[in-house]
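Presented below is the structure to which this report refers.
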Amino acid sequence: MNSMNETWKKKLWVCLLVLSIIILTGCGQTGQSTAVPAIQDGVIVKVLDVGQGDSILIKTTEQVVLIDSGDSASSQKLLGMLAAEKVRKIDKVIITHPHSDHLGGLPAVMGKYNIVHIYDSGQTNTSKLYRNYLKTVKNKKIPFSIVQAGQAIEIGGSALLQVLSPSKPYFTGTRSDLNNNSIVLKLVFKDFSMLLAADAEKPAEQRLLKQYGEKLQSNILKVGHHGSSTASSPGFIKKVSPAEAIISLGANNEYHHPHPSVLKKYNKEKIKIYRTDLHGTITIRSDGRTYSIAKEKG
């Protein structure tokens, strides 16, 4: 009984801390950055090779956006990649959910870079990593927003991140509620689109199919949950109908991602697969009409 009470106390503490951050920082979106343009024209998306985790860097003519930050073990590698990209500040950080392989590198990033705004799924975690993340946000007074389906985040140069998930009621009782309540985004820039599925699993995919249907169609798909068999349902793949799919994962990872059955599904639909464990960082460039994909290696 005492153990149960302690667990509820921790959950209550985390919820109160989230609420206090929202009250102090506000939930409104900030305007466009006045920083030097990130690139000359178009949009660049880099699915960064951070090992067994996710981190995606988006650069437009006006803003730099970081979606997730990999695990803490890869934090110095992440900082090196950001430095190589000549990142001076980060206009928007989006944490899709509070698992360590998506949140772990953020303390290092917050220690080095000025972050203009942080967007969060609103899902809580009792881990020390998550609690320290909230404390740092509060102490640095970084504007902090909890997003939900239906919102759009402007990232400059007419590019948008459409928030497709999470939506209420939040998932409860699934294999991983944090995964299924991940922030799923669709990057839209003129005629180009890329669906970023975070760690959404099959329950989330089914909800997305019901809510959006044909609107899920995208040129490129960042595959959900690192190529796990818990995601990539056939109906979801067909509806997104990407020409290419990108899987972010670590070489020889303990989870045996990507699952052979998942690779088989994409191959069946003749979707070209890129993998960070084999190809390193994957770079997508688009002028809004056409796009190109480049591998770092392999």
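Remarks
- The number of residues in region 229-249 being farther than 17 Å from Val47 by Cβ and assigned to a loop (DSSP other than H, G, I, E, B) comes to 4.
- In region 172-193, the residue that is surrounded by the most Cβ atoms within 10 Å (Cβ to Cβ) out of those that are of a type in the set (Gly, Ala, Ser) and in contact (Cβ under 8 Å) with a residue 12 or more places away in the chain is Ser182.
- Given (1) of a type outside the set (Ser, Thr, Tyr); (2) without any contact (Cβ under 8 Å) to a residue 24 or more places away in the chain; (3) touching a Phe, Trp or Tyr at 6+ places or on another chain (Cβ under 9 Å), number of the condition Val93 does not satisfy: (2)
- Residues of region 194-215 that turn out to be over 19 Å from Ser121 (Cα atoms) and surrounded by 24 or more Cβ atoms within 10 Å (Cβ to Cβ), as a count: 1
- Selected residue (criterion: nearest to Ile142 (Cα to Cα)) from residues of region 64-120 that are of a type in the set (Gly, Ala, Ser) and touching a Ser or Thr at 6+ places or on another chain (Cβ under 6 Å): Ala108
- Pairs linking a residue in region 199-214 that is β-branched (Val, Ile, Thr) to a residue that is surrounded by 24 or more Cβ atoms within 10 Å (Cβ to Cβ) and at pLDDT 95 or above, with Cβ atoms under 8 Å and 6 or more positions apart or on different chains, do not occur.
- Among the numbered conditions (1) at positive phi; (2) in a helix (DSSP H, G or I), the only one that Asn252 does not meet is (2).
Okay, residues lined up against (1) under 22 Å from Gly53 (Cα atoms); (2) modelled with pLDDT of 95 or more:
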position: Ser228; (1), (2): yes, yes
position: Pro234; (1), (2): no, yes
position: Asn252; (1), (2): yes, no
position: Glu269; (1), (2): no, yes
position: Gly280; (1), (2): yes, yes
position: Ser286; (1), (2): no, yes
position: Ala294; (1), (2): yes, yes
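- Candidate set from region 216-226 (those that are crowded, with 19+ Cβ neighbours inside 10 Å and polar (S, T, N, Q)); member that is nearest to Ile153 (Cα to Cα): Ser218
The values are calculated or read from the model by the stated rules, or taken from the named source; none is laboratory data. The structure presented is a predicted model; accordingly, all values stated were derived computationally and were not measured. Using ideal geometry, Cβ is built from the backbone for each residue, glycine included, and neighbour counts are taken over all protein chains shown.
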